[in-house]
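The structure under discussion appears below in the form of structure tokens.
The values are calculated or read from the model by the stated rules, or taken from the named source; none is laboratory data. Here the structure is a predicted model, which means the values were calculated and not measured. Please note: Cβ atoms are built from the backbone with ideal geometry, for glycine as well, and neighbour counts cover all protein chains shown. We work out accessible area using only protein heavy atoms, side chains counted, and drop any ligands, DNA or RNA first. Shrake-Rupley method; radii C 1.70, N 1.55, O 1.52, S 1.80 Å.
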Amino acid sequence: MNDPDKDMLEAALADLSLPDGTPLVGSGRIAGLGLSGNRVNLSILTTPAEAPTLATLRDAAEARLRTLPGVSNAFVVLTAETPAAAKAPPQLGTPKSAPKPAPKADPLAAIRHVVAVASGKGGVGKSTTTVNLALGLAAQGLKVGVLDADIYGPSLPTLLGLHGKPQANGRKLVPMQAYGLRAMSMGFLVDPETAMVWRGPMIMSAITQMMADVDWGALDVLLVDMPPGTGDAQLALAQGTRLSGAVIVSTPQDLSLIDARRGITMFRKVDVPILGIVENMAHFICPDCGGSHAIFGQGGAQAEADRLGVPFLGAVPLTMDLRAASDAGQPITARDPDGPLGRLYQNMARSLLAGLTPNLRANGPTLT
Ligand SMILES: Nc1ncnc2c1ncn2[C@@H]1O[C@H](COP(=O)(O)OP(=O)(O)OP(=O)(O)O)[C@@H](O)[C@H]1O
Ligand SMILES: [Mg+2]
């Protein structure tokens with residue numbers, strides 16, 4: 001069945017070619033092309049070695065797509081498929097002393113700490129934790145950003161009550177703002193259905209590029225809501241992003257803890273320090289009787305943290321208030337900063353900061 005949008009988009013790209021003359025449409029290089037509201041997202045497969053030669057094509061594609069009726073903006077992402085492909089083939093006859101290409105400027109240079117929030121499995125409260133910890137950090141006077149790298153199920157827009165799309169300023173996207181946080185979601189750029197079939201390195205390169213294409217400004221901490229699990233996408237992200245550390249979110253059940261352990265092992269493998277474990281849905285606070293019930297058992301994450309020698313940041317109860325606040329796009333730490341949950345997240349943020357503090361203290365937080 002024909003998709004009229006796709007036909008229109010492909011028609012706009014019809015006369016564009018790859019550097020070797022192959023027409024782009026039909027080359028098998030289009031990993032995703034779609035209309036999302038009045039924005040077009042296009043992903044072109046490439047290798048890091050080849051990517052610079054595709055800059056002109058990328059600009060031309062953006063220009064063509066932007067002129068289409070009903071389209072206000074277009075974003076073209078170059079994504080690399082495999083790390084092996086990323087290596088340029090050895091050049092025969094190249095002298096050993098050939099000058100190395102100048103290292104690229106770190107697009108995240110103005111961000112002091114990039115911290116991953118990860119979980120071994122989905123649905124344990126990773127996004128809820130990311131947003132509330134970010135607000136807890138902001139309450140300490142830090143400049144904080146949140147990046148929703150969970151392209152399979154982006155949820156930051158809902159959690160932060162963000163509507164609409166980020167604006168572009170030249171080639172850079174301006175992060176959205178909510179409750180004093182700067183926020184960006186992969187969901188704005190990549191259609192989750194497209195991303196579903198992407199393998200790790202492709203996700204990694206799309207995310208790295210998105211980080212570079214976002215005008216974050218100076219940040220003390222950027223919290224990254226990782227895709228759930230410990231597959232190659234997560235490994236590629238852990239490896240390829242300049243992470244100061246990772247926070248692991250787990251529920252108290254044994255099964256969830258086994259997954260959390262896998263997450264910890266993965267980060268340790270790539271030398272990313274674990275800044276702490278958050279136990280979520282630790283116990284149920286009954287709205288009727290006010291009693292606390294340990295539905296999933298108790299103390300599992302704390303014991304696991306002790307066993308593994310990583311900091312335990314705290315235990316968050318399962319409460320209707322927290323869920324209702326999240327669903328309403330008003331995270332509990334913003335809605336009720338002095339309530340028990342708001343204070344809990346701020347305490348956890350302080351403990352998290354303690355793991356990062358040497359660096360932050362040395363430079364002083366960027367308070368303005
Ligand atoms: N402590 C809590 N008390 C009550 N509800 C919670 C709590 N933590 C999370 N939730 C709810 O559980 C659901 C899943 O949480 P969340 O989206 O944060 O998990 P996730 O790990 O990011 O999930 P996914 O893997 O789908 O991205 C949401 O509806 C959220 O509001
Ligand atoms: Mg999530």
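Figure the gain on full extension for Asn347 and Arg171 (residue separation times 0.36 nm, minus the Cα-Cα span) and round it to one decimal in nm. Could the numbers behind the result be given before it?
Numbers: separation 176, 0.36 × 176 = 63.36 nm, distance 3.82 nm.
Going from the current span to full extension adds 59.5 nm.
Using heavy-atom solvent-accessible surface (probe 1.4 Å) with all chains present, what is the largest-first order of Arg323, Arg307? Present the calculation step by step, with values, prior to reporting the outcome.
Numbers: Arg323 130, Arg307 155 Å².
Putting Arg323, Arg307 in descending order of accessible area: Arg307, Arg323.
Kirkwood-based Rg over Rh for the stretch 138-180 (C-alpha set), two decimals?
Values: Rg = 11.8 Å, Rh = 12.0 Å.
Ratio value, two decimals: 0.99.
Largest first and in whole Å, give the semi-axes of the stretch 192-295's equivalent ellipsoid, each being the square root of 5 times a Cα gyration tensor eigenvalue.
30, 17, 15
Report, to the nearest whole %, how much of the accessible area of the stretch 4-81 belongs to carbon and sulfur atoms, 1.4 Å probe, protein only.
Working: 1860 of 3390 Å².
After summing per-atom areas, the C and S share lands at 55 percent.
Could you tally the net charge around His113, taking each other residue with its Cβ under 10 Å from the Cβ of His113, Lys/Arg +1 and Asp/Glu -1?
Numbers: positive: Arg112, Arg242; negative: Asp220.
After counting each charged neighbour, the total is +1.
In nm, give the distance between the simple-model label positions of Asp254 and Ala14, each being 7 Å from the Cα along the Cα-to-Cβ direction.
6.3 nm
Assuming 1.306 mPa s and 10 °C, estimate D for the stretch 111-363 with Stokes-Einstein, Rh taken as the Kirkwood radius over Cα pairs, in µm²/s. Write down the numbers at each step before the final one.
Values: Rh = 18.1 Å.
Here the translational diffusion coefficient equals 88 µm²/s.
Hey, can you rank 122-133, 292-303 by average C-beta count inside 10 Å, highest first?
The peptides rank, most packed first, as 122-133, 292-303.
How would His163, His113, His283 rank on accessible area, largest to smallest, probe 1.4 Å? Each step should come with its number before you reach the end.
Numbers: His163 155, His113 10, His283 45 Å².
Largest accessible area first, the residues go His163, His283, His113.
What's the percent breakdown of Cα-Cα distances in the stretch 4-81 across 10 Å bins, shortest bin first?
So the P(r) values, bin by bin, are 19, 59, 20, 1.
In terms of solvent-accessible area of protein heavy atoms at a 1.4 angstrom probe, what is the ranking of Tyr179, Tyr152, Tyr345, highest value first?
Correct descending sequence by accessible area is Tyr179, Tyr152, Tyr345.
Give the accessible surface of the stretch 111-363 per residue, rounded to a whole number of Å², with probe radius 1.4 Å and ligands, DNA and RNA excluded.
I get 39 Å² per residue for the stretch 111-363.
Roll a 1.4 Å probe over the protein chains and send me the accessible area per residue for the stretch 4-81 in Å². List each step's numbers first, then the result.
Details: 3390 Å² over 78 residues.
Computed with neighbouring chains in place, this is 43 Å² per residue.
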